[in-house]
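The values are calculated or read from the model by the stated rules, or taken from the named source; none is laboratory data. Since we're looking at a predicted model, the values are computed, not measured. Don't worry about glycine lacking a Cβ; one is built from the backbone with ideal geometry, like all the others, and counts go over all protein chains shown.
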Amino acid sequence: MHYQQFHTIDLNGHSFLVTGGAGFIGSNIVEYLVQYQAGHVRVLDNFSTGSLKNIEPFMSLPNFELMRGDIRDPHTCQKALEGVDYCSHQAALGSVPRSINDPVTTNEVNIGGFLNILMAARNAAVKRMVYAASSSTYGDHPDLPKVEDVIGRPLSPYAITKYVNELYANVCSSLYDFHTIGLRYFNVFGPRQNPAGPYAAVIPLFIEAALKNESPFINGDGTTSRDFTFVENAVQANIRALFTAGLTQHEVINIAVGESTTLNQLWDHICDILDTELLPVFRNERKGDVKHSLADISKAHRLIGYQPYINVRKGLEMAVEWYKRSNRILYT
């Protein structure tokens with residue numbers, strides 16, 4: 001995928017660490033950095049959810065480095081951040097259902113691992129660390145659109161871990177004068193998102209079903225809505241946040257499109273794109289899921305100049321084309 005340019009400085013003289021760089025969002029960030037000839041791009045990944053296939057195109061490049069390791073190990077984090085100017089922390093165990101089934105491991109990775117990277121980045125005096133936060137932090141607060149300063153009670157172990165990340169980052173800012181930016185992603189989708197496995201996200205599952213001419217499952221009655229966000233918008237946010245000047249405190253910002261799409265509308269879009277009339281199969285809603293989610297993205301625009309260029313429909317068209325070109329290879 002060819003990315004629009006979102007930076008204004010020469011990347012050639014800078015080094016980057018992308019944790020979870022073999023994962024979905026992480027590998028897209030890596031691709032951007034490689035495309036614009038960053039001086040050095042190091043990926044730290046333990047491949048628990050990431051895939052070597054996601055970074056294979058970069059493995060032979062002289063400015064790319066793969067470091068196999070686990071963020072739960074403090075020494076590994078320290079080593080990964082040696083000589084690094086900028087850190088994009090994407091490594092985590094995602095999925096609300098996964099966290100419900102195994103809250104202990106989710107906690108170890110998402111909280112313990114996050115703190116290890118945060119402290120290692122601070123000790124290494126990196127110029128900026130940006131990390132993946134989550135819209136799940138809004139929990140049960142009913143107001144729409146979601147505004148950064150107004151949150152409710154978390155509804156899952158995963159949501160708790162992402163909120164704790166923000167608390168640690170805020171304390172690190174006030175105590176150690178190390179200021180980071182948390183990006184509260186809203187349902188990111190696009191190329192390299194895995195349609196396989198028990199914790200796959202809805203859009204790759206829908207596209208995979210349509211390509212196989214099978215009816216998808218929809219949890220609930222299909223009126224559940226989300227602010228679906230194409231991955232290039234998330235990449236843009238990471239790049240802009242890494243180079244935002246004058247940060248004087250920890251910041252958390254919504255990264256979304258600012259549009260609400262129901263699951264029924266989502267399936268209709270995919271059917272229209274692929275010219276099919278398959279009907280979905282409805283089943284019970286999942287535990288821990290929020291019914292509706294919609295972001296206010298004005299702070300992201302104000303703070304880092306974020307502007308989502310790709311809306312849901314265009315993003316779906318691009319995602320469908322990618323899955324078709326990849327011959328429906330499952331990224332496992």
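Things to note:
- Single residue of region 123-146 satisfying the filter (touching a Ser or Thr at 6+ places or on another chain (Cβ under 9 Å) and of a type in the set (D, E, K, R)) that is nearest to Ser298 (Cα to Cα): Lys146
- Per the listing Asn233, Asn187, Asn238, Asn254, the residue uniquely more than 17 Å from Gly23 (Cα to Cα) and of a type outside the set (Val, Ile, Thr) is Asn254.
- One residue stands out among those in region 200-220 that are closer than 18 Å to Lys287 by Cβ and touching a Leu at 6+ places or on another chain (Cβ under 9 Å): the one that is surrounded by the most Cβ atoms within 10 Å (Cβ to Cβ), which is Ile218.
- One residue from Val104, Val150, Val84, Val164 being surrounded by fewer than 24 Cβ atoms within 10 Å (Cβ to Cβ), over 17 Å from Val43 (Cβ atoms) and either of a type in the set (Lys, Arg) or in contact with a His (Cβ under 9 Å, 6 or more places away or on another chain) (or both): Val150
- Leu118 vs. criteria crowded, with 20+ Cβ neighbours inside 10 Å, in contact (Cβ under 8 Å) with a residue 40 or more places away in the chain and not charged (D, E, K, R): yes
- Restricting attention to region 305-332, the residues that are more than 17 Å from Phe189 (Cβ to Cβ), more than 17 Å from the chain's Cα centre (by Cα) and modelled with pLDDT of 90 or more add up to 1.
- Comparison of Met129, Met119 shows that the only residue that is in contact with a Cys (Cβ under 6 Å, 6 or more places away or on another chain) and farther than 20 Å from Ala200 by Cβ is Met129.
- Condition met for Glu259 (in contact (Cβ under 8 Å) with a residue 24 or more places away in the chain and assigned to a loop (DSSP other than H, G, I, E, B)): yes
- Residues that are surrounded by fewer than 16 Cβ atoms within 10 Å (Cβ to Cβ) and over 15 Å from Glu259 (Cα atoms) within region 304-313 comprise just one, Gly305.
- Residue selected from region 49-67 under the condition of a type in the set (D, E, K, R) and touching a residue at least 24 places away in the same chain (Cβ under 8 Å), by the criterion surrounded by the most Cβ atoms within 10 Å (Cβ to Cβ): Glu65
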